[in-house]
Amino acid sequence: MSKFEFIKTSIDGLYLIKPKLFRDDRGYFFESYSKKEFFDAGLKMEFVQDNQSFSKQGVLRGLHFQTINSQGKLVRVIKGEIFDVAVDLRKESSTYGSYEAFILNEENQNQLYIPEGFAHGFLTLSDEAIINYKCTDYYNPQGESGIIFDDSTLGIKWPLDKVKKVILSEKDRCLPKL
């Protein structure tokens, strides 16, 4: 019996992954990753780097991607809640420019696998959030790029009404449109 439910989204290669939680009066336990189970589900990526970020409510990070050393990411929330977005930037894809968005939080423990060739961003909905990313390639600052979060051609419906104010880095505020 699998310890994960792998849910294909409307965008090829993008998966919502629901781990099986074992709860009792002490708390819970779950496997957050199993190479064998991911491989058996057709997700044959190799992770080489883990990242962790902390954000306050209203922090909007993204939409980020790398043009050099493109990274696939397995994203999960350790603490808090985020509105997580993946945008397909694969020019040969029939879903180029399309996005999917999900609520990831410490309660549902859902994860999002975002393959190479996507932009990624999130809005922190809870007071604080800690996010963990497993990455398929190493960060390369020379290939760092992004798209402004409110690009009208993408039409992302960010739940901005759920935060007191949006907090953007200066770098993210100056990102170009698609």
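The values are calculated or read from the model by the stated rules, or taken from the named source; none is laboratory data. Values in this document were obtained by computation on a predicted structure and should not be read as measured data. Here the Cβ positions follow ideal geometry from the backbone for every residue, glycine too, while neighbour counts run over all protein chains shown. Surface accessibility is based on the protein's heavy atoms, side chains included, excluding ligands, DNA and RNA. Shrake-Rupley method; radii C 1.70, N 1.55, O 1.52, S 1.80 Å.
Per-structure values
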{"item": "Between segment 1-57 and segment 80-149, the alpha-carbon center distance in angstrom", "result": "14"}
{"item": "Accessible carbon and sulfur surface of the chain relative to its total accessible area, %, 1.4 Å", "result": "50"}
{"item": "10 Å Cβ shell holding at most 16 others, DSSP loop, GluC sites (Glu not before Pro): longest site-free stretch of the chain", "result": "108-178"}
{"item": "Solvent-accessible heavy-atom area per residue, rounded to whole Å², over segment 32-178 at 1.4 Å", "result": "49"}
{"item": "Identified option (computed Kirkwood radius over Cα pairs in Å; candidates (1) 17.3; (2) 23.2; (3) 16.7)", "result": "(3)"}
{"item": "In Å², nearest 10: area of residue 76 left accessible to a 1.4 Å probe", "result": "50"}
{"item": "Taking the C-alpha atoms of segment 52-136, convex hull volume expressed per residue in Å³", "result": "81"}
{"item": "Backbone HN-Hα couplings from phi across segment 172-178 [Karplus 6.51/-1.76/1.60, Hz, Gly and Pro as x]", "result": "5, 5, 9, 5, x, 7, 4"}
{"item": "Which of 45, 1 is most accessible, then next, and so on - probe 1.4 Å", "result": "1, 45"}
